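Structure, as structure tokens:
Any read-out appearing in this document is the output of simple, stated calculations on the displayed coordinates, not a laboratory observation. This structure is a prediction, so every number in the text was calculated from the model and none was measured. Ideal geometry is used to build each Cβ from the backbone, glycine not excepted, and the neighbour counts take in all protein chains shown.
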Ligand code: ADP
Ligand code: MG
């Protein structure tokens, strides 16, 4: 076989979105493991040390490289995977830009050993900061082993931007999962220094999920339903979580043609199918694999971005939604069905003693919270609150979920209003008052978070928040990959009252000159902004809404009164009134309880 690597013509190279390929240790892991996959490896071994800071090593038994190719591989835009612009539209390999190894070698110390099956001897190359220190012929196994040491050894500033070991490890694992889940036919080993973290034998997708995420206590595969649909537009297969296993933290993966992707729009299709089946604060796990004609998708947006554009998004949305609904529908009719028999009986089996009641919601279409210019205190039936608690299991509020604002104000019978108007603060933390059914207790901080969250959401949506100027601007230094997210949310932050000046010279450096009026001090403003960026990054769901919600929640948490704060009577009255004016008032946006009721019976039973 002759040498296979060649330089891409400039025109093609420029057509490819350039970017900062190597952000952190996890980027190295991703690029090296993808290369191993592209080299048809069947066993891939990953070793890291110090959360990847000092070492990321990937060894494969793939096809290896010739001596010339081994040297060429480190040139920018050197690739064996595409030759001309046209090839960009039919990519079947993980890599194609030919810039990963060059980028890695420019910011770290790299040693590579590689040998092709047909060669007797292999090649050893030592390269750092793009300078080749050594190239020699060596004896080595078939395949390639690349050792990347001391990331950012030559750029201390970038090294300082790396996050804590835990965060970096999480990123490493995340990249590892995203590849390991797609290739169950490849054996993966993962070591943190000497400690074996994963040993994933060759298996099928379901077992691979089990091996990665399951534990002896938690059998993953029993929690999953399989899905499969073939159409001429797209093939969809994979697994979705049974509703009862939905959790706060779930495993959610979309892949297209073997590549991990984020897709907020498709995510909504999946979530919508679970509507009414899971708790408001939970979300289902899913592992969904799309196969599409490469001509109909665009993966060339940005090397570190995982968003992928489809030509027929709406049609695929419908297909996906129907696929998930069908699987859940089959499962729900026979709730006790065993996973291994899943899908077997197609006929609804109904027991005579159970009546199926369709879920109902009622609302008052005349209610308009902004209708009256003069604010009228809503006639609250405090007793109805209790009903709401009983119905909590059926309460499907999600963050930003649609619940009718009028729901709580439905029964307006004045005589049911029996709140004493007396508020009592317990332990500087809870507000207690008596209601018709018993005793109502409100967590003051959670209540305030809900009130402020709704307020911030309105400000973002109406694009007019109040700002207070800072006498002494605060510097905000961003990490390069945070910068992208920050740019995305900057205008939203302005809507709530933030003001920024950029420094010009350093595009990652900003001065914060104004903050939302509700925030009492600027002391932790940088932490707050970093928190917002982190949340936005990890947000799932519809992109724009998710961003708004994460911003509003961070701000609300930061501005809300604290546990331990003494409240005057007026403050308590005002807070409770504001709380009940919120459409959703028994949970914070992230699902924490705001209030609890002790019924008269419960109280009486304590005295028997
Ligand atoms: P890309 O993967 O986009 O082509 P890279 O910089 O990641 O660019 O790799 C450059 C080239 O080096 C690849 O096209 C491939 O020919 C070769 N290469 C890299 N890693 C391996 C490997 N593990 N086994 C065989 N060849 C490899
Ligand atoms: Mg590559």
Yeah, segment 460-517 with a ≥ b ≥ c from its alpha-carbon gyration tensor (a/c under 1.5 is rounded, else prolate when a/b outruns b/c, oblate otherwise) is oblate
Tell me, what is the FRET efficiency for residue 43 and residue 500 to the nearest 0.05, using R0 = 45 angstrom and their Cβ-Cβ distance as r? 0.35
Using alpha carbons only: equivalent-ellipsoid semi-axes of segment 423-542, gyration tensor based, whole Å: 35, 16, 13
Rg/Rh over Cα atoms for segment 466-608, Kirkwood Rh, comes to 1.10
Given a Förster distance of 45 Å, the FRET efficiency implied by the Cβ-Cβ spacing of residue 565 and residue 272, rounded to the nearest 0.05, works out to 0.70
What's the whole-number percent of alpha carbon pairs in segment 39-173 lying beyond 23 angstrom? 38 percent
Take 562, 448, 77 and order them by how many other Cβ atoms sit within 10 Å, fewest up front. 562, 77, 448
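With contacts defined as alpha carbon pairs under 8 Å and 6 or more residues apart, what's the relative contact order of segment 102-231 in percent?
RCO, segment 102-231: 15 percent.
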Taking the highest mean first, how do the peptides 26-33, 552-559, 127-134, 40-47 order by number of other beta carbon atoms within 10 angstrom per residue? 26-33, 552-559, 40-47, 127-134
Note on segment 245-292: contact order normalised by length, alpha-carbon pairs under 8 Å, 6 or more apart, percent, works out to 62 percent
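Just rank 242, 569, fewest to most, by other beta-carbon atoms within 10 angstrom. It would help to have the intermediate numbers written out before the result.
On the way: 242 23, 569 12.
Least to most surrounded, the residues fall as 569, 242.
Express as a percent, rounded to the nearest 5, the fraction of DSSP beta bridges in segment 251-320 (both residues included) that run antiparallel.
45 percent
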Mind giving me the nanometre distance, one decimal, between the label points for residue 218 and residue 596, set 7 Å out from Cα along Cα→Cβ? 2.5 nm
Ranked on Cβ counts within 10 Å of their own Cβ, fewest leading, 34, 195, 311 go 195, 311, 34
